[in-house]
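Input: a single structure, listed below in structure tokens.
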Amino acid sequence: MRALVTGGAGFIGSHLCDYLLAQGDEVIALDNFFTGSKQNIKHLLDHPDFELVRHDIIQPILLEVDQIYHFACPASPVHYQYNPVKTTKTSVMGTINMLGMAKRVRARLMLASTSEVYGDPEVHPQPESYWGKVNPIGIRSCYDEGKRVAETLMMDYHRQNNVDVKIIRIFNTYGPRMAINDGRVVTNFIVQALRNEDITIFGEGRQTRSFQYVDDLILGVSRMMQKEDFIGPVNLGNPVEFTILELAQTVIRLTGSRSKLIYLPLPEDDPTQRKPDISLARNKLNWEPAIRLEDGLKKTIAYFEETLSRGK
Ligand code: NAD
Ligand code: UDP
């Protein structure tokens, strides 16, 4: 197989490139390096089956591939709110461009959608059948609505042009190669703890998230891409739910940090709870996460320790 990974220099995309190459696929990573980095894929640059293309997916491109893993899009609120118009363009125009390519070369296309399509959910845990509660005009909308339109485009190209599509909805995922400045909660807490700086809890820390280690996700992504006659959308996430306060306490314990907790205002439209219903992934893909939060955090802490010691 020849696979294209858009966002291949990012956190998840780079792990996916590693996995696909280990499976024996040829891989083209496409990235504009907005939030990704060459460092994430440096070890692959001499691999005979790996190619790197610097390109912005809001511009069309034609590549001959069998499968497209469409992951290009900033994912952390700090990054996607930096240039919100560009974020919407990346989701909408980027997905149209990938669909156009998939249509022409008859490739199978997977969209990395998100649990954010459920917004601040009134249904808990969230099954795929829930349509969500998303603010269309708020500061998270460029990301949430962008992904919702991307899902619409995927389904319409499928119905109208018979494009072979797949949609996954990824829940909060963490692990090595997250950008140190990405502002997401796992990165912030680990970096703050390692530096013995105050840990910044937004709100009272009673909001919940369910954290999935990246290796678990990659296995689910691979199962989904190979599965015949199943478009999705399918939730890929770890159903074990934690409050943000619990996460902070766990990180402090695992790092042996002297950090104190400080409480800052909760950002606008911050979802109060989030936990995937993964019955569909269990049934259709025979998949569920295996890595416990503590074990995944230990690996992620080791990564950030090393990154900080290199002065990056
Ligand atoms: P990331 O920011 O590390 O990776 C995104 C990559 O896309 C980066 O390498 C970035 O440079 C690239 N990119 C952004 N805009 C681009 C453009 N216009 N053209 C080309 N490349 C572009 O984030 P991530 O956590 O690895 O997320 C990857 C995908 O997974 C995203 O689509 C995101 O929405 C989705 N996702 C992630 C999570 C999570 O918790 N990490 C949760 C849900 C969905
Ligand atoms: N959060 C926090 N402190 C931080 C960063 C984030 O308390 O330094 C909270 C944030 O308000 C949210 C949760 O942690 O409730 C997860 O935030 P993140 O940005 O990682 O992901 P998302 O909100 O997109 O799920």
Residue-by-residue Karplus 3J(HN,Hα) for the range 295-307, coefficients 6.51, -1.76, 1.60, Hz, glycine and proline x: 5, x, 5, 4, 5, 6, 4, 4, 5, 5, 4, 5, 4
Name the residue from Y157, S129, G146 whose Cα lies farthest towards the positive end of the charge dipole of the range 122-164, charges +1 on Cβ of Lys and Arg and -1 on Cβ of Asp and Glu. G146
The range 17-67, Rg to Rh (Cα coordinates; Rh as Kirkwood inverse mean 1/r): 0.96
Once phi is turned into θ = phi - 60°, what whole-Hz ³J(HN,Hα) does the Karplus curve with 6.51, -1.76 and 1.60 give for every residue of the range 242-259, x standing for Gly and Pro? 10, 7, 5, 4, 4, 4, 4, 5, 5, 5, 4, 5, 6, 9, x, 7, 9, 4
The range 231-252-the range 38-88 distance, computed between alpha-carbon centres (Å): 25
How big is the dipole moment of the chain about its Cα centre under a simple scheme where the beta carbon of each Lys and Arg is +1, that of each Asp and Glu is -1, and everything else is neutral? Debye, nearest 20, please. 220
Add +1 for every Lys or Arg and -1 for every Asp or Glu among the other residues with Cβ under 14 Å from the Cβ of K133, and state the total. -4
Taking the Kirkwood radius as the inverse of the mean 1/r across Cα pairs, report the Rg/Rh of the chain. 0.95
Over the Cα atoms of the range 15-158, what radius of gyration and what Dmax do you get, in Å? 16.0, 49
With the chain treated as a Gaussian network of Cα nodes joined by springs under 10 Å, which of S115, S91, S76 yields the largest mean-square fluctuation? S76
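Report, as a whole number in µm² per second, the diffusion coefficient that Stokes-Einstein gives for the range 170-278 at 37 °C and 0.692 mPa s using the Kirkwood radius over alpha carbon pairs.
In µm²/s, the coefficient is 216.
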Computed over the range 1-89, the distribution of all Cα-Cα distances in 10 Å bins, rounded to whole %, is 18, 52, 25, 5
Excluding residues on the same chain fewer than 8 positions from K103, give the aspartates and glutamates whose Cα lies under 13 Å from its Cα. E64, D66, D156, D164
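Quick check: net charge around A248, other residues with Cβ under 11 Å of its Cβ, Lys/Arg +1 and Asp/Glu -1? Show your work: numbers first, answer last.
On the way: positive: R253, K260; negative: D198, E246.
Cβ neighbours under 11 Å give a net charge of 0.
For N162 and E122, FRET efficiency with R0 = 22 Å and r from the beta-carbon atoms, rounded to 0.05?
Taking R0 as 22 Å, the efficiency between E122 and N162 is 0.05.
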The range 204-248: GluC sites (Glu not before Pro) in DSSP coil with no more than 16 other Cβ atoms inside 10 Å: E204, E228
Using alpha carbon centers only, the range 265-312 is separated from the range 114-149 by a whole-angstrom value of 19
Please express the Cα-Cα pair-distance distribution P(r) of the range 70-115 as a list of whole percents, one per 10 Å bin, running from 0 to the bin with the greatest distance. 27, 49, 20, 4
Around R209, under 13 Å between beta carbons, what's the net of Lys plus Arg minus Asp minus Glu among the other residues? -1
Antiparallel bridge percentage (DSSP; both residues within the range 167-266; nearest 5): 25
Taking the DSSP beta bridges in the chain as the whole, what percent of them are antiparallel, to the nearest 5? 10
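Rank these for me by crowding, E116, E197, going from fewest to most other beta carbons within 10 Å. All intermediate terms of the calculation are to be shown ahead of the outcome.
Working: E116 26, E197 15.
Lowest to highest Cβ neighbour count: E197, E116.
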Considering the dipole of the chain built from charges on the beta carbon (Lys and Arg +1, Asp and Glu -1) around the Cα centre, which of P276, C17, S309 is farthest to its positive end? S309
Proxy reagent accessibility, fewest Cβ within 10 Å first, across E294, E145: E294, E145
Mean ellipticity per residue at 222 nm, deg cm²/dmol - from DSSP H runs of n ≥ 4 across the chain, formula -39500 (n - 2.57): -12000 deg cm²/dmol
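Using the Cα centre of the range 1-109 as the reference point, and only Cβ charges (+1 on K/R, -1 on D/E), how large is the resulting charge dipole? Debye, rounded to the nearest 20.
In debye, rounded to 20, the range 1-109 gives about 460.
Computed from the coordinates by the stated procedures, all read-outs in this text should not be read as laboratory data. The shown structure was predicted, so the numbers you read here are calculated from the model rather than taken from an experiment. Every residue, glycine as well, gets a Cβ built from its backbone with ideal geometry; the counts of neighbours run over all protein chains shown.
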